[in-house]
Amino acid sequence: MSGVLERVQKWIEERFGIKSVDNILRPIPNFSFRPDYWTGAILTTGFIMQGLTGFLLLLYYVPTPDQAWASTHYIMSSLPYGSLILTFHLYDAYAIILIAFLHMFRHFFVGAYKKPREAMWFYGVILGLITLGFGFTGYLLPWTVVSKSATDVGIGMLNYFPNWLTAPLKSLIVGNGTDAAELTRFFALHVILLPLLLALFLFLKLYTFEVHGIAPPLGHSESENVKKTSWMPGGILYVLMLALFYIGGLLIISSVFPATLPPEYSVQASMSVTPEPDWYFLWIYQILKLSIFEGPNIIYALILVGLMFVILFLVPLIDTREGRSPSERPVIFTLGMIVATSIVFLTVWAYLTPGLTIPFYQAVIYIGGIALIEALAAYAALRRRRSSASAGKVHPSIAMIVMVSSVIGASASLLLLEKGYLISVLLIVGFVYAAMTSISKIERLRK
Amino acid sequence: MKKVQLLLVGLFMTLLGELLSVAGIYLSSQLIINNDPLARLLSGVFIGLLLISFGIMIAFYRLSGSSEA
């Protein structure tokens, strides 16, 4: 038996130049056998499943305005396993977006984007944008009244920019402006262009991952010798186990909570619905709904959101210092916390206020409140940590954040008083009091 | 638990899960052709269970330390 195996191994080695898996893939450090180190592998599994289920849906889906909804309805109601496959495709997309956000914030908070892994962050942000592109194009395909109306609102925002800037993009995504041209283009982007870009950047990212390996845990250096396991069978089995749990779990959820298809799009039907994007765009939608961005001012909101993505892309070039632990980079860490919480908060808020314009002062109060509380918490934690090392020296930038947050919080309270929202004021005062008490308690414990 | 015991427990759980899920898939696939709503609900549950059973088998295999050999 061993003779046969050796001959097979020799045959492969001679033809493909592969002696063993350890020649191609670097062994995995044992500390990384934890699911949070493998969110990228789960995402790759999710993308592979999207390809497989997407192919099955392609067999029945018809990308024309008169057939898109009907063919989706046929898949969901009449085709054996059709409902399961379509629901899985949808929920897998949701899971990918959710895990992609967690993956990004996890690597942000542990500073995994630092030298020499900056390129992985760049590829990751591009992959994130491609994922959101999949979401945006895929949302239109069932041709439901909500998805078509919301997509048209999204496309309509391009009109606020100068025509010379947006004309190429508009011709790519809407063509001559008819429904048929729009649907065909979204379909082509969803099933050809975006998958190609995804494959390209995923390859680049995995290649860079192999070059640099997994980032060591906080407090450990790259050069430290750690125990490692070969990909075959240890690594493969671990990733396979995670993939099986992910796919199995998602299949069960898709069966128990099957997706429902909203009514078909028609001009009449669209009059009676509030166009709303899918949940992963709700935080942007909430920013666009702020009263100061009403009418043509929406261009400033779009520039703001665009700027946020540019800053996100440039994070490794902004935070170039070597230390990775939160206390070594308190400002960027605290800002990350505030952004992460605000995204979740804006998403929930947008879900609760569909189509409503949001008074700007409310956003200042809520986001300012979040910023204040988190900055105070970070300040307390840092002060405690620093004081144990060197007699209570406070990082000036952290102090600055606390000061700015306090000013925002105070002006927010004033605005609230003016509007007579006494309960909200009491709540904010309560939060601040709780934060201050916690700090003083921590301080007392230290002494 | 010893390595062999862990492997046996994993194998037993997997076999049980696989038996149940294969039977479920077989029964639901007969009904799903007629679009039976219950079968539509259960089909994915059984396929999911089958995959998770394999996952459990690997988890026990890893737990026993055999994958590091």
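The values are calculated or read from the model by the stated rules, or taken from the named source; none is laboratory data. Just so it is clear, the structure is predicted and the values come from calculations on it, not from any experiment. Cβ: placed from backbone, ideal geometry, glycine included. Neighbour counts: every protein chain shown. For accessibility, only protein heavy atoms count, side chains too; no ligands or nucleic acids. Shrake-Rupley method; radii C 1.70, N 1.55, O 1.52, S 1.80 Å.
Counting only heavy atoms of the protein chains and using a 1.4 Å probe, A:Y285 has close to 30 Å² of accessible surface.
Distance between the modelled labels on A:L102 and A:T341, one decimal in nanometres: 2.1 nm (7 Å Cα→Cβ projection). Stretched out straight at 0.36 nm per residue, the stretch from A:L59 to A:F360 would grow longer than its current Cα-Cα span by 103.6 nm. For chain A, the longest piece that avoids every one of the GluC sites (Glu not before Pro) found in DSSP loops with at most 11 other C-beta atoms within 10 Å covers A:1-221. Starting from the Kirkwood Rh over alpha-carbon pairs, what translational D in µm² s⁻¹ does the stretch A:64-134 have by Stokes-Einstein at 4 °C and 1.567 mPa s? D = 89 µm²/s.
For A:S272, the accessible area of its heavy atoms, probed at 1.4 Å with every protein chain present, is near 100 square angstrom.
Of all the options A:I318, A:I292, A:I12, the one that moves most in a Gaussian network model of chain A with Cα springs shorter than 10 angstrom is A:I12. Counted residue by residue at 0.36 nm each, then reduced by the alpha carbon distance between them, the extension gain from A:T320 to A:A70 reaches 84.7 nm. Our note on the geometry: Cα centres of the stretch A:237-251 and the stretch A:298-317, 35 Å apart. Anything over 22 Å Cα to Cα? Flag those among A:K19/B:K3; A:K115/A:K205; A:K19/A:K228; A:K170/A:K205, in the order listed. Over 22 Å Cα-Cα: A:K19/B:K3; A:K170/A:K205. Computed from backbone phi with θ = phi - 60° and the Karplus coefficients 6.51, -1.76 and 1.60, the 3J(HN,Hα) list for the stretch A:375-380 is 5, 5, 4, 5, 4, 4 Hz; x is used for glycine and proline.
Taking a ≥ b ≥ c as the square roots of the eigenvalues of the Cα gyration tensor, an a/c ratio of 1.5 or more together with a/b larger than b/c marks the stretch A:162-319 as prolate. P(r) tail, the protein assembly as shown: Cα-Cα pairs separated by more than 43 Å, 30% of all pairs. The relative contact order of the stretch A:50-141 comes to 25 percent, based on Cα pairs under 8 Å that sit 6 or more residues apart. Across chain A, Cα pairs under 8 Å and at least six residues apart give a relative contact order of 20 percent. Axis of helix B:37-63 versus longest Cα principal axis of chain B: the two differ by about 10°, to the nearest ten degrees.
Farthest toward the positive end of the dipole of the stretch A:159-275, out of A:N159, A:V226, A:N176, is the Cα of A:V226, where the dipole comes from beta carbon charges about the Cα centre. Among the chymotrypsin sites (Phe, Trp or Tyr not before Pro) found in the stretch A:1-83, those both in a DSSP coil and sparsely packed, with 16 or fewer other Cβ atoms within 10 Å of their Cβ, are A:F33, A:Y60. Within the stretch A:245-268, the residues that become at least 20 Å² less accessible when every protein chain is included than when their own chain is isolated (1.4 Å probe; DNA, RNA and ligands ignored) are A:F245, A:G248, A:L251, A:I252, A:S255, A:V256. Solvent-accessible area lost on pairing B with A (1.4 Å probe, both sides summed) amounts to about 2000 Å². Within the listed set B:L38, B:L51, B:L19, the residue fluctuating most in the Gaussian network model of chain B (springs between alpha-carbon atoms under 10 angstrom) is B:L38. Spin-label model, A:K19 to B:V4: label points 7 Å out along the Cα-to-beta-carbon direction sit 3.7 nm apart.
When the Cα positions of B:I32, B:S21, A:V364 are compared along the charge dipole of the protein assembly as shown, A:V364 comes out farthest toward the positive end, with charges on each C-beta of Lys, Arg, Asp and Glu. Taking the helices alone, the protein assembly as shown has a mean residue ellipticity at 222 nm of -24000 deg cm²/dmol, built from -39,500 (n - 2.57) per DSSP H run of at least 4 residues and averaged over all its residues.
Note on B:S29 and A:E222: the model spin-label points, each 7 Å out from Cα along the C-beta direction, lie 5.0 nm apart. In the stretch A:1-86, the convex hull through the Cα atoms has an average projected area of 10.7 nm², a quarter of its surface area. Computed from point charges on the beta carbon alone (+1 for Lys and Arg, -1 for Asp and Glu), the dipole magnitude for the protein assembly as shown about its Cα centre is near 2040 Debye.
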